[in-house]
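These notes are about the structure you will find just below.
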Amino acid sequence: MLRGAAMLLFFLQMSCADKPDGPPPPPTRRNTMDTAAGPAVSGAVESSGRPPKFVRAVCKGGDDGESPMTVDFATSDADGDRVHIRIDWFVNGQRVGGETGPTLAAEHFGAGDKVYAELEATDGYNEVPGECPERTVGNLAPVIDMKGMRIVEIDGLEVKGRDPDGDTLSWRVEDGPSGMSIDSEGVLSWTGSETAAAGSYRPKVIVEDPSGDQAIWEFAVDVAAGREKQKMTRAEAIEAGLIDDDSIPVAPE
């Protein structure tokens, strides 16, 4: 009888030892965000729910009329969570459709436009707004590009000029020989004169935008008195001793 009671007590103790005291512990919170920056993060990564922060957000670039404007930004997250960034661009208060990345193409803005970007950072638990301060795009000066041009004569020569802002340009020529002119499209005219005196000139072609910004192209002209006007290559004119290496061969009629 006593032996049976002892065996019953032993089995009761063994069954109680396998059961923990109190309710089961809560499950550990796991971060399983799927981000564009990399694969999902798995494991016992706990988050206290502290929001991310913007360390900086500044708009840069876009000063030459060709390069884009970009947002230079940095974020931090005290919990080590991955941070997603969304960017919306605005020009003169209007959202630019389809532009949600850190770069805004130059085709979307010009001189005088006010550009800014709204940012949003999220770590999967919190969303935090940010902003790239408004920036006014300055006026861009005209450009003259005559590099690599092979010039045979002046009359009818088109000077290659453009304005990055798309402004209407005005043209003029200064310090040239008598009768030299340029039209509204940048095409030079000069046929010379039988009575023109010989001499060397350094004409300046000036192109100007409505804001007063300019581009200047200067070249050399040697005029031979009484010489019949003729077309010749630059090499022929140099060989003949009419001009030096930085001059343009021309002669009056």
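Quick notes on this structure:
- For TRP171: the one exception among (1) at pLDDT 85 or above; (2) part of a strand (DSSP E or B); (3) more than 30 Å from VAL137 (Cβ to Cβ): (3)
- Residue match in the range 204-211 (condition: under 42 Å from the mean Cα position of the chain (by Cα), part of a strand (DSSP E or B), modelled with pLDDT under 55 and closer than 30 Å to ALA141 by Cβ): no
- You will find that of ASP63, ASP81, ASP155, the residue that is crowded, with 18+ Cβ neighbours inside 10 Å and part of a loop (DSSP other than H, G, I, E, B) is ASP81 and no other.
- Restricting the first member to the range 116-129 and to residues that are farther than 13 Å from ASP81 by Cα, and the second to residues that are in a loop (DSSP other than H, G, I, E, B), the beta-carbon pairs closer than 6 Å and six or more apart or on different chains are VAL128/PRO51; VAL128/PRO52.
- Answer residue from the range 87-119, given it is farther than 10 Å from CYS132 by Cβ, of a type in the set (D, E, K, R) and modelled with pLDDT of 95 or more and is nearest to the chain's Cα centre (by Cα) among those: ASP88
- Failed condition for TYR125, given (1) part of a loop (DSSP other than H, G, I, E, B); (2) outside the structural domain of VAL91 (by TED's automatic domain parsing): (2)
- Residues of the range 95-114 satisfying the condition of being touching an Asp or Glu at 6+ places or on another chain (Cβ under 8 Å) and assigned to a helix (DSSP H, G or I): ALA106, HIS108
The values are calculated or read from the model by the stated rules, or taken from the named source; none is laboratory data. Treat the numbers as computed from the prediction; the structure is a model and nothing was measured. In this analysis, Cβ positions are derived from the backbone assuming ideal geometry, glycine residues included, and neighbour counts consider all displayed protein chains.
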